[in-house]
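The values are calculated or read from the model by the stated rules, or taken from the named source; none is laboratory data. Given the structure is predicted, the values throughout are model-derived calculations rather than measurements. Neighbour counts run over all protein chains shown; Cβ positions are idealised from the backbone, glycine included.
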Amino acid sequence: MGEWTDKTKGKVKETVGVATGDRELEAEGKKDTFKGHVKEKIEDAKRVIKDAVEGEPRRNEP
């Protein structure tokens, strides 16, 4: 799933867990939210690396 989906799903689970007193569901929601944030940071890093690589001149061209 995408980072937005993971974060949203996680927040819903966390909220329902808090409202119902289900600590396991609350923890699962926090895990999903964290997973979404990690995915987002990985995608950001990929973009930065790609931009850096594409911005450098090619070295093995004649």
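Structure summary
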quantity	calculated
Any hit, region 37-55, residues being at positive phi and modelled with pLDDT of 95 or more	no
Residues satisfying the stated conditions in region 13-53, i.e. free of Cβ contacts under 8 Å to residues at least 24 places away in the same chain, surrounded by 13 or more Cβ atoms within 10 Å (Cβ to Cβ) and among the β-branched types (Val, Ile, Thr)	THR15, VAL16, VAL18
